[in-house]
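Notes follow the structure.
The values are calculated or read from the model by the stated rules, or taken from the named source; none is laboratory data. Keep in mind the model is a prediction, meaning the values are calculated, not measured. Quick reminder, even Gly has a Cβ in these numbers, built from the backbone with ideal geometry, and neighbours come from all protein chains shown. For accessibility, only protein heavy atoms count, side chains too; no ligands or nucleic acids. Shrake-Rupley method; radii C 1.70, N 1.55, O 1.52, S 1.80 Å.
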Amino acid sequence: MKKKLTALFAAALLSASAGVFATGIGPQLNFDPVAAPRITPPVWGLACSAKFDDIPLYFAGAFNIAPYAYVKSDDTPVVTARLGLQLTADYWFMNPEIIGLWHWFWGLGGAVRTEFSVNGKNFYFSTGPRAVAGMNWVFADGFLELYVQQAIQPELQFAFGEDGSANGVFGVPVYFPSSVGLRFWF
């Protein structure tokens with residue numbers, strides 16, 4: 001009987017708090033061309049975007065994949081792929097209405113990325129600030145939010161393994177990630 005009462009109390013508390021704090025969660029598609037230090041193929045990724053009303057940040061956790069090539073210290077070229085996980089958090093300074101359901105936003109944030117090469121020879125760790133701007137459309141009585149955004153993201157990158165030994169452990173790549181996503185608000 002105590003378990004049933006505890007479960008009933010927890011369900012009532014959860015449903016009551018859902019009305020107080022809105023949560024937006026949904027899928028996001030990422031496209032990250034990198035400009036420096038080397039021109040490489042773009043990074044593609046799938047992410048889960050989240051916004052919690054009681055925290056003034058927009059979060060995204062992404063899984064990225066990209067073809068990658070580097071030259072070992074003995075001048076042997078290596079072609080592989082890089083798999084990575086990235087977390088971003090953005091604070092929107094403005095989100096004014098343009099017309100009706102259409103809004104635009106801009107803000108600042110940060111990113112942390114870890115990657116490894118598929119051949120198992122390299123590990124990468126990157127972190128850095130980001131500036132983001134975009135547009136969003138909130139419709140279906142505030143239940144759905146469609147958005148597109150563009151960011152600039154300079155990172156401090158550390159490469160460990162063959163690539164780091166041959167081409168330097170430290171680098172400063174600059175990413176220009178574009179994202180499109182859909183959040184469901186409940």
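The rows are residues; the columns are (1) modelled with pLDDT under 90; (2) of a type in the set (Val, Ile, Thr).
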site: GLY109; (1), (2): no, no
site: PHE123; (1), (2): no, no
site: VAL132; (1), (2): no, yes
site: GLU145; (1), (2): no, no
site: GLU155; (1), (2): no, no
site: PHE160; (1), (2): no, no
site: ASP163; (1), (2): yes, no
site: PRO177; (1), (2): no, no
site: LEU182; (1), (2): no, no
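Going through (1) open to solvent by 80 Å² or more (accessible area, probe 1.4 Å); (2) modelled with pLDDT of 90 or more one by one, ILE99 falls short only on (2).
Okay, residues lined up against (1) open to solvent by less than 60 Å² (accessible area, probe 1.4 Å); (2) farther than 26 Å from PHE170 by Cβ; (3) over 19 Å from the mean Cα position of the chain (by Cα); (4) modelled with pLDDT of 85 or more:
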position: THR23; (1), (2), (3), (4): yes, yes, no, yes
position: PRO33; (1), (2), (3), (4): yes, no, no, no
position: PHE59; (1), (2), (3), (4): no, yes, no, yes
position: LEU85; (1), (2), (3), (4): no, no, no, yes
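Contact map, the stretch 120-145: first residue within 30 Å of PHE160 (Cα to Cα) and in contact (Cβ under 8 Å) with a residue 12 or more places away in the chain, second residue of a type in the set (Asp, Glu) and open to solvent by 30 Å² or more (accessible area, probe 1.4 Å), Cβ cut-off under 9 Å, separation 6 or more or different chains; pairs are LYS121/GLU162; ASN122/GLU162.
Can you spot a residue in the stretch 158-165 that is surrounded by fewer than 17 Cβ atoms within 10 Å (Cβ to Cβ) and either assigned to a strand (DSSP E or B) or under 14 Å from the mean Cα position of the chain (by Cα) (or both)? Checked the stretch 158-165: at least one residue is surrounded by fewer than 17 Cβ atoms within 10 Å (Cβ to Cβ) and either assigned to a strand (DSSP E or B) or under 14 Å from the mean Cα position of the chain (by Cα) (or both).
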